[in-house]
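Since the structure comes first, as structure tokens, the remarks are kept for the end.
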Amino acid sequence: MKNRFFERLADVFPYLVLFAYIAGCIFCILIDRMSYLINGSILAIPAILGSFVFLAIKRKDIDLSARSVLFSRNPSASPKLFLALYAFTIPALLLTPVDSGWGLLMVPALYAVILVQILSSRPGPAVVLAEIMLTLVVTIYSYTLRPALYFGTTDIMPHGYMATITYLSGHVIPAELGTYTYFPLYHMFVAVSSHMLGLDIQTSLFVTTGLVFSSTVLFLYLLVNYVFKNEQIALLVVLFYAVNADVIYYGTYMVTRTMAYVGFLILLYLLYSMGDVKIGTGSAATRSVARRALAVIAVVFILLTHQISMPMIIILLGLLYLLERIAGGSRYISPAFLIGTVSLFAWYWLFIAYPFIGHLFPRADPSLYQNIVLTEVVYEGWTFLLNQVDTLFVVFFSLIGVIYLVWKQQPKYSIVLGIMGLLAIVLNVPGILTVIFQMVSVLRIDRFAILFLPILAVATGVGVYLLVQYLVAMKISRGRIGAVLIILIALYGIGSLGLLGDEASYVRYSFNQYEMTGFEHVLETVPSGSALHSDYYTSRFFERKEISDSERLGLPYYTTYLLQTDLETPAGGSYVVLPSIQLRHGGLLFGKNAILDETEFDPEENLQPYLPTEQNLHNITGRLSATDRVYSNNGVEVYRLPQMA
């Protein structure tokens with residue numbers, strides 16, 4: 001029997017979306033933020049359309065256990081085509097320039113072939129899952145293994161340094177490097193992988209973590225298939241999960257919080273799979289005990305991998321627990337497990353990792369929240385639209401999915417997934433939460449949003465499934481429906497890979513070989529303890545603090561400073577490391593040193609682009625004398641400033 005409250009809520013939800021858009025327009029006008037109004041309107045169009053498409057779909061009362069067949073094919077034809085395209089993709093990536101997107105153009109074609117198989121009469125789940133995982137892996141490696149050093153948004157570099165210390169010393173990092181001494185599993189994993197594979201730390205990190213992240217496809221499939229008992233829905237969900245831009249990004253940016261996310265998805269699968277075990281036989285009881293033990297191991301893994309992932313996961317599990325009780329039906333989050341997880345977390349933080357608690361105090365300062373600060377829009381209008389093509393796709397289909405799940409209630413648990421899917425949209429789609437400084441920079445809401453990516457994929461996949469079923473019920477040609485879907489997923493894939501969007505030339509995600517050669521020269525020749533002045537990205541590379549065993553392990557260490565846009569001359573005896581090729585062709589990011597300190601939060605203190613204008617180039621060459629240059633190549637110049645007399 002349906003829950004009438006949620007059924008009525010779904011019926012009026014499209015009108016609530018329309019009302020929210022009108023209210024948002026009025027708010028933007030009142031605060032004189034026309035950029036918010038323009039960008040918000042771009043995102044509102046698919047939201048409103050998706051909401052009202054639901055009203056049409058619900059009239060057909062689509063069964064979520066049915067299967068849609070759009071393509072009749074030779075069962076072996078599509079896998080062979082996939083292998084042929086895949087074999088062509090790898091050399092295309094190797095032969096095209098690193099900073100070019102041409103090599104990735106084959107990836108959307110791979111997505112399209114996989115979609116054809118899913119919407120065919122006999123999709124083989126094992127084959128399709130293998131293809132999705134292979135496509136995700138090659139996409140991740142295209143970003144991480146082709147450049148001289150891929151660093152994402154820079155956290156990879158300090159984590160690589162900590163993994164190097166673990167590798168060389170055979171111990172967890174010392175407390176001098178911060179609180180990761182209490183959360184060492186990630187660095188231990190990378191160090192052990194490097195030992196076993198015989199690869200350097202950087203290569204080992206990217207090779208192993210890329211494979212680990214791709215396994216999330218399998219666990220998500222098992223979880224969704226268990227809930228819906230529909231292989232086609234589960235395969236659609238994991239396909240659109242793998243195509244999602246944030247999923248691809250985190251696959252390349254496999255730092256501690258991403259590793260904790262992998263552990264969370266495995267934990268979620270274990271919790272849901274335990275609901276499938278009916279105690280009555282010895283083997284069933286043993287299987288239940290084994291899964292419970294694995295669930296506890298997963299909790300410990302997350303707890304020892306990333307500092308703040310566990311409290312966020314506890315919040316999410318708590319939401320699931322409450323919604324399960326409200327919705328009725330199946331229950332997968334038991335109070336005993338929730339209490340046990342909270343107790344383990346509290347014990348570890350209070351008695352073992354208590355020094356980390358002090359690092360949270362600056363974020364709890366009430367003065368930070370006295371005035372809500374709205375950030376400036378980076379991209380507006382047409383540029384924003386091109387950068388968000390994939391987001392428009394997600395908003396349209398995921399809203400269809402979440403509203404229908406709440407309305408249909410098949411199974412009853414779909415109410416929980418629908419409401420959580422709505423939260424996933426709010427957290428992962430640009431909106432009010434992403435323009436508030438306190439939410440983005442202080443509370444770091446992005447670290448909570450990553451946990452909702454599987455649920456967002458469920459909403460998107462279900463939305464696609466519903467639209468296909470609806471169009472088939474409307475007697476539209478299956479060939480036309482299939483053609484439109486192939487075009488849509490290709491466009492979605494192109495948007496997710498960033499091939500349509502535009503990004504500021506001074507924003508970087510990797511260093512080239514010339515720069516790495518120059519940086520290695522600095523590590524070999526510049527004395528430890530020296531002061532290094534450079535741009536933001538280079539400073540993050542040389543962010544290597546001194547530890548008691550630095551000399552014994554042969555690890556150079558430096559004090560890093562950011563250059564400022566006024567080019568204030570650093571003190572004599574220090575070094576300036578200047579990525580000259582990036583300066584001339586894209587620009588650099590300068591700023592105050594407080595930006596590197598994560599315990600200080602000032603909305604006025606931001607990184608400032610130093611663009612390659614004629615005046616800027618003249619100013620910086622005028623401040624740095626050629627006689628002080630101690631090294632240069634095609635990518636980097638190093639200066640040693642003379643001591644003042």
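Descriptive notes on the structure:
- Pairwise FRET efficiency - residue 606 versus residue 27, Cβ, R0 = 30 Å, nearest 0.05: 0.80
- Helical contribution to [θ] at 222 nm, DSSP H n ≥ 4, -39,500 (n - 2.57), averaged over the chain, rounded to 500: -19500 deg cm²/dmol
- With the simple spin-label model, which puts each label point 7 Å out from Cα in the Cβ direction, the residue 626 to residue 596 separation comes to 3.0 nm.
- For the range 445-565, the Kirkwood estimate of hydrodynamic radius, built from reciprocal distances between every pair of different alpha carbons, is 19.8 Å.
- Taking the convex hull of Cα positions in the range 293-342, its mean projected area over all directions (nm²): 3.5 nm²
- Share of Cα-Cα pairs in the range 107-150 lying beyond 15 Å, as whole percent: 49 percent
- For the range 387-483, the Cα gyration tensor yields ellipsoid semi-axes of 29, 16, 9 Å (square root of five times each eigenvalue, largest first, whole Å).
- Pairs exceeding 22 Å between alpha-carbon atoms, taken from 229/475; 229/408; 2/58; 80/475; 545/592: 229/475; 80/475.
- Inter-label distance, residue 90 to residue 357: 5.2 nm, where each label sits 7 Å from its Cα along the C-beta direction.
- Each DSSP beta bridge with both residues in the chain is either parallel or antiparallel, and the antiparallel ones are about 65%.
- Calculated FRET value between residue 643 and residue 585, using beta carbons and R₀ = 25 Å, to 0.05: 0.15
- Radius 11 Å from Cβ of residue 231, net charge of other residues (Lys, Arg +1; Asp, Glu -1): +3
- Expressed as a fraction of 2.2 N^0.38 Å, the C-alpha radius of gyration for the chain is 1.01.
- Enclosed volume per residue, in Å³, of the convex hull spanned by Cα atoms of the range 74-149: 69 Å³
- The simple Förster model, with R0 at 60 Å and r as the Cβ-Cβ distance, assigns residue 484 and residue 347 a FRET efficiency of 0.65.
- Local electrostatic count at residue 434 - Lys and Arg +1, Asp and Glu -1, tallied over other residues with Cβ under 14 Å: 0
- Estimated D of the range 526-645 in µm² per second, where Rh is the Kirkwood radius over Cα pairs and Stokes-Einstein applies at 25 °C, 0.890 mPa s: 161 µm²/s
- Between residue 192 and residue 477, the modelled label-to-label distance comes to 5.8 nm, taking each label 7 Å out from Cα in the direction of the beta carbon.
- In summary, the convex hull built on the alpha carbon positions of the range 502-563 has an orientation-averaged projected area of 4.9 nm².
- Centroid-to-centroid, using Cα positions, the range 1-20 and the range 191-269 are 34 Å apart.
- Span-rule helices in the chain, defined as complete DSSP H runs reaching 24 Å or more along the axis (Cα) with Kyte mean at least -0.5: 4-30, 34-58, 77-95, 125-144, 256-273, 282-303, 309-327, 389-408, 453-473, 478-496
- Centroid-to-centroid, using Cα positions, the range 462-496 and the range 395-410 are 16 Å apart.
- Cβ-defined net charge surrounding residue 386, 11 Å radius [Lys, Arg +1; Asp, Glu -1]: -3
- Aspartates and glutamates whose Cα lies under 17 Å from that of residue 60, excluding same-chain neighbours fewer than 8 positions away: 7, 11
FYI, it's all coordinate maths here, none of it is from the lab. Model, not experiment: these values are computed from the prediction. Note: ideal-geometry Cβ built from the backbone for every residue, glycine included; neighbour counts use all protein chains shown.
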